[in-house]
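The values are calculated or read from the model by the stated rules, or taken from the named source; none is laboratory data. These figures come from a predicted structure and were not determined experimentally. All Cβ positions, glycine included, derive from the backbone under ideal geometry; neighbour counts span all protein chains shown. The accessibility values were calculated without ligands, DNA or RNA, using every heavy atom of the protein model including side chains. Shrake-Rupley method; radii C 1.70, N 1.55, O 1.52, S 1.80 Å.
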Amino acid sequence: QVQLVESGGGLVQPGGSLRLSCEASRSISSLNTMGWYRQAAEKERELVAAHTRYRGPNYASSVKGRFAISRDYAKNTLFLQMNSLKPEDTAVYYCQTVLNDVDYWGQGTQVTVSS
């Protein structure tokens, strides 16, 4: 199994930046795909970005060109760099992965974009 702990959320003005981190309790070299999801109030959870070990990243169309997902294998950490933030990016952001066909999720970190 694996535990995922997110950090880095907060309040930011429109146009600002944040970097989210997701630290895993085990080596992420064994995790084929890791992703970031978000859930806004009264909306369904949606995929924001995913990083596959041998195929690299892919993004939701709403964040392409503004967000960047990456892994630091030495630190067992997944990152989400978020630039040019918009009010509609406000949500709880979750880190996710699959290990041995089991879904694992972090506890989430709140991102609020507001002036």
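Can you list residue pairs whose Cβ atoms sit under 8 Å apart, with the first residue in region 87-115 being in contact (Cβ under 8 Å) with a residue 12 or more places away in the chain and closer than 15 Å to Arg26 by Cα and the second being surrounded by fewer than 19 Cβ atoms within 10 Å (Cβ to Cβ) and of a type in the set (Gly, Ala, Ser)? Count only pairs 6 or more apart in sequence or on different chains.
Leu99/Ser30
I want to confirm something. Restricting to region 43-55 and keeping residues that are modelled with pLDDT under 95 and open to solvent by 60 Å² or more (accessible area, probe 1.4 Å), which single residue is farthest from Asn76 (Cα to Cα)?
The extreme case among them is Arg55.
Within region 35-55, take every residue that is among the small types (Gly, Ala, Ser) and not in a strand (DSSP E or B) and give me the one that is farthest from Gln3 (Cα to Cα).
Ala41
List the number of the failed condition for Ser25; all other conditions in (1) at pLDDT below 95; (2) over 15 Å from the mean Cα position of the chain (by Cα) hold.
Of (1) at pLDDT below 95; (2) over 15 Å from the mean Cα position of the chain (by Cα), only one is false for Ser25: (1).
If Arg38 satisfies every condition in (1) in contact (Cβ under 8 Å) with a residue 60 or more places away in the chain; (2) touching a Phe, Trp or Tyr at 6+ places or on another chain (Cβ under 6 Å); (3) over 20 Å from Pro87 (Cα atoms) but one, which is the exception?
Condition (3) is where Arg38 drops out.
Suppose we keep only residues that are in a loop (DSSP other than H, G, I, E, B) and at positive phi within region 56-115. Which one would you say is most open to solvent (accessible area, probe 1.4 Å)?
Asp101
Out of all the residues in region 1-34, which are more than 16 Å from Phe67 (Cβ to Cβ) and acidic (Asp, Glu)?
Passing the criteria: only Glu23.
Kindly provide the set of residues from region 2-20 that are under 15 Å from Met34 (Cβ atoms) and assigned to a loop (DSSP other than H, G, I, E, B), ordered by number.
Val2, Gln3
For Gly9, state whether it is open to solvent by 20 Å² or more (accessible area, probe 1.4 Å), of a type outside the set (Val, Ile, Thr) and closer than 15 Å to Thr109 by Cβ.
Answer is yes for this residue.
Which of the following residues is among the hydrophobic types (A, V, I, L, M, F, W, C), in contact with a Leu (Cβ under 8 Å, 6 or more places away or on another chain) and without any contact (Cβ under 8 Å) to a residue 24 or more places away in the chain: Ala60, Ala49?
Ala60
Leu31 passes all but one of (1) within 23 Å of Asp101 (Cα to Cα); (2) in contact with a Gly (Cβ under 9 Å, 6 or more places away or on another chain); (3) surrounded by 13 or more Cβ atoms within 10 Å (Cβ to Cβ); which number fails?
With respect to (1) within 23 Å of Asp101 (Cα to Cα); (2) in contact with a Gly (Cβ under 9 Å, 6 or more places away or on another chain); (3) surrounded by 13 or more Cβ atoms within 10 Å (Cβ to Cβ), Leu31 is out only on (2).
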